[in-house]
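Take a look at the structure below.
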Amino acid sequence: MSAEPLEIHLEEQDLGRSLREDVRAGLTATPKWLPPKWFYDARGSALFEEITRLPEYYPTRAERAVLAAHADDIAAVTGAKTLIELGSGSSEKTRLLLDAFTRHGDLGTFVPLDVSVSALRQSTAQIAAAYPGLRVRGIVGDFTRHLDRLPTGGRRLVLFLGGTIGNLLPAERVEFLTAMRAALECGDWLLIGTDLVKDPSVIVPAYDDAAGVTAEFNRNVLRVINRELGADFDPAAFRHVAVWDPEHEWIEMRLRAEHPARVHVLDLEVGFAAGEELRTEVSAKFRPEGIARELAAAGFVRQEFWTDPDGLFGVSLARAD
């Protein structure tokens, strides 16, 4: 069975408008910031895939270990007929779950949602070819805006993997989980991956690898802005910095100006002092009881919580109550 035509709720002009709004808001703020979603053009996505294979970057391996160990449990407990993945990307880890659901014989439809038309077209074609009995229906959309467009009917399981929820600030997490619960019916399921709090000596190198791949990934956001908005950032003039914030229990990625700079973008002239930092990502780490509280506050009941053997990464299976 071939993949169905993509259902598009996010056009190129929507992305362009969103980029302009984010750049204007973030570069005129104090301190300056940019949201991490703009890392992921084709080059940024390729760099991130490279990051996931680095020895320092444990989250992908740890989450995959959890899914490999418990995919059959997830299929058996949920009995889902429809599997929905938010921010699906290549859907590589999802195949562990698709294989398990295929063994259990319950799944009928797979619905990946992603902002990238090209990535989604490629991944849906590959999934449809690998699972010929499965209906594959890709949705081009933003998981912070388009949860109300998710397909209804049948028992659903929504996947939100990779620790992506950690990129949302606490108020944004509340908003997301509340909207997620509103989009589901009682008895539907949410499977969510969360990187866990641990010694910073393990966390920081995952965001500042020895080979410098993460540094290139971080600077890529400046290249995106140059290309899409005609800006004149010099990416080489900004140094990658990864900082652990013990109060908030999150890591911040920043770009530090090596010397004073003036950047022209949109109708702005943006000044950077030497040593001034631009925050490009927050990646929160969680404690098991903390994510359980956040899920409960949004109307979910956590049924299962699993970690990899080293206790680095947690996966929660929660039911919409």
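The values are calculated or read from the model by the stated rules, or taken from the named source; none is laboratory data. Since we're looking at a predicted model, the values are computed, not measured. So basically every Cβ, Gly included, is an ideal-geometry build from the backbone, and we count neighbours across all protein chains shown. All accessible areas refer to the heavy atoms of the entire protein, side chains included, with ligands and DNA or RNA removed. Shrake-Rupley method; radii C 1.70, N 1.55, O 1.52, S 1.80 Å.
Does the range 52-181 classify as rounded, prolate or oblate by the C-alpha gyration tensor (a ≥ b ≥ c root eigenvalues; a/c under 1.5 gives rounded; else a/b over b/c gives prolate, otherwise oblate)? Walk me through the intermediate numbers first.
Values: a/c = 1.32, a/b = 1.12, b/c = 1.18.
The shape class here is rounded.
So which GluC sites (Glu not before Pro) in the range 152-192 end up in coil per DSSP with only 14 or fewer other C-beta atoms within 10 Å?
Numbers: sites: 172, 175, 185; in loops: 185.
Hits after loop and neighbour filter: 185.
So if I place +1 on the C-beta of Lys and Arg and -1 on the C-beta of Asp and Glu, and nothing else carries charge, what would the dipole magnitude of the range 42-179 be about its Cα centre? I want it in debye, nearest 20.
360
In whole Hz, with x marking every Gly and Pro, tabulate ³J(HN,Hα) for the range 73-83 from phi via Karplus 6.51 cos²θ - 1.76 cosθ + 1.60, θ = phi - 60°.
4, 5, 5, 5, 5, 7, x, 5, 9, 10, 10
Nearest 0.05, what FRET efficiency do residue 258 and residue 126 give at R0 = 41 Å with Cβ-Cβ as r? Before the final figure, lay out each step's value.
Numbers: r = 42 Å, r/R0 = 1.01.
In this case the efficiency is close to 0.50.
In the chain, with Lys and Arg counted as +1 and Asp and Glu as -1 at Cβ, which of these residues, 27, 273, 83, has the Cα nearest the positive end of the dipole, that is, farthest along it?
Toward the positive end, the furthest listed residue is 83.
Loop-only GluC sites (Glu not before Pro) in the range 254-321, please: DSSP not H, G, I, E or B, and at most 14 other Cβ atoms within 10 Å. It would help to have the intermediate numbers written out before the result.
On the way: sites: 258, 269, 276, 277, 281, 289, 294, 304; in loops: 258, 276.
In loop regions of the range 254-321 (DSSP not H, G, I, E or B), the sparsely surrounded GluC sites (Glu not before Pro) are 258.
Per residue of the range 247-259, in order, report the coupling 6.51 cos²θ - 1.76 cosθ + 1.60 (Karplus, θ = phi - 60°) as ³J(HN,Hα) in whole Hz, putting x for Gly and Pro.
5, 8, 6, 9, 9, 10, 9, 9, 10, 9, 5, 6, 7
Can you tell me the dipole magnitude for the range 159-210 around its Cα centre, using point charges on the Cβ only (Lys, Arg +1; Asp, Glu -1), in Debye to the nearest 20? List each step's numbers first, then the result.
Details: 3 positive and 8 negative charges, 27 e Å.
Taking the Cα centre of the range 159-210 as origin, the dipole is about 120 debye.
For the chain, give the percent of accessible area contributed by carbon and sulfur heavy atoms, probe 1.4 Å, rounded to a whole number. Could the numbers behind the result be given before it?
Values: 7010 of 13750 Å².
That share works out to 51 percent.
Report the local net charge at residue 301: Lys and Arg +1, Asp and Glu -1, summed over other residues whose C-beta lies under 9 Å from its C-beta. Before the final figure, lay out each step's value.
On the way: positive: 302, 319; negative: 321.
In short, +1.
Could you tell me which of rounded, prolate or oblate describes the range 1-81, using a ≥ b ≥ c as the square roots of the eigenvalues of the alpha-carbon gyration tensor, with rounded for a/c under 1.5 and, failing that, prolate when a/b is larger than b/c and oblate otherwise?
Working: a/c = 2.32, a/b = 1.48, b/c = 1.57.
Oblate.
Probe of 1.4 angstrom, ligands and nucleic acids ignored: what's the accessible area per residue over the chain, in square angstrom?
Details: 13750 Å² over 321 residues.
Per-residue value: 43 Å².
In terms of modelled amide H atoms, which long-range or inter-chain residues lie less than 5 Å from the amide H of residue 136?
For residue 136, the qualifying residues are 4, 110.
Per residue of the range 285-293, what does 6.51 cos²θ - 1.76 cosθ + 1.60 with θ = phi - 60° give for ³J(HN,Hα)? Whole Hz please, x for Gly and Pro, Karplus curve as stated.
10, 10, 9, x, 6, x, 5, 4, 5
Compute the angle between helix 12-27 and the longest alpha-carbon principal axis of the chain, please, reported from 0 to 90 degrees and rounded to the nearest 10.
That works out to roughly 50 degrees.
Stretch residue 228-residue 178 to full length: gain in nm at 0.36 nm per residue minus the Cα-Cα span? Mind showing how you got there, number by number?
Details: separation 50, 0.36 × 50 = 18.00 nm, distance 3.28 nm.
Stretched fully, the residue 228-residue 178 segment lengthens by 14.7 nm.
222 nm [θ] for the chain, helices only, -39500 (n - 2.57) per DSSP H run of 4+, per residue, to 500? Walk me through the intermediate numbers first.
Details: 9 runs with 119 residues, N = 321.
Taken over the chain, the calculation gives -12000 deg cm²/dmol.
Which of the trypsin sites (Lys or Arg not before Pro) across the range 187-288 are loop residues per DSSP, with 16 or fewer other Cβ within 10 Å? Kindly include the intermediate steps, with their values, before the conclusion.
Working: sites: 198, 219, 223, 227, 239, 254, 256, 262, 279, 285; in loops: 198, 285.
The qualifying sites are 198.
Could you tell me the calculated FRET efficiency between residue 276 and residue 13, based on Cβ-Cβ distance and R0 = 35 angstrom, to the nearest 0.05? Intermediate values should be presented prior to the final figure.
Details: r = 32 Å, r/R0 = 0.92.
The value I calculate is 0.60.
Could you name the lysines in cross-link range of residue 285, using Cα to Cα under 23 Å and dropping any fewer than eight places away on the same chain?
Cα-Cα hits under 23 Å: 32, 37, 93, 198.
Along the positive direction of the dipole of the range 1-128 (beta-carbon charges: Lys, Arg +1; Asp, Glu -1; about the Cα centre), which of 120, 54, 16 reaches farthest?
54
Report, to the nearest 10°, how far helix 94-104 tilts away from the longest principal axis of the Cα atoms in the chain, using its own Cα long axis and a range of 0 to 90°.
Helix 94-104 sits at roughly 0 degrees to that axis.
Under 1.5 on a/c is rounded, so check that first for the range 196-267, then, if it is not, pick prolate when a/b is larger than b/c and oblate when it is not; a ≥ b ≥ c are the square roots of the alpha carbon gyration tensor eigenvalues. Before the final figure, lay out each step's value.
Values: a/c = 2.49, a/b = 2.19, b/c = 1.14.
Cα axes put the range 196-267 in the prolate bin.
Taking each pair of different alpha-carbon atoms in the chain once, compute 1/r for the pair, average those values, and report the inverse of that mean as the Kirkwood hydrodynamic radius in Å to one decimal. Provide the component values of the computation, followed by the final result.
Details: mean 1/r = 0.0489 Å⁻¹.
Here the Kirkwood hydrodynamic radius works out to 20.4 Å.
Determine the sum of side-chain charges near residue 44: Lys and Arg each +1, Asp and Glu each -1, restricted to other residues whose C-beta is under 13 angstrom from that of residue 44. Walk me through the numbers on the way to the answer.
Values: positive: 37, 43, 219, 223, 227; negative: 41, 49, 50, 216, 228, 281.
Combined, the nearby Lys, Arg, Asp and Glu give -1.
With +1 on each Lys and Arg Cβ and -1 on each Asp and Glu Cβ, and nothing else charged, work out how big the dipole of the chain is about its Cα centre, in Debye to the nearest 20.
Details: 36 positive and 49 negative charges, 107 e Å.
With Lys and Arg at +1 and Asp and Glu at -1, about 520 debye.
At what distance in angstrom do the alpha carbon centres of the range 25-69 and the range 139-209 lie from each other?
The range 25-69 and the range 139-209 have Cα centres separated by 14 Å.
Normalised by the number of residues in the chain, what is the relative contact order in percent for Cα pairs under 8 Å and 6+ residues apart?
Computed over the chain, the figure is 22 percent.
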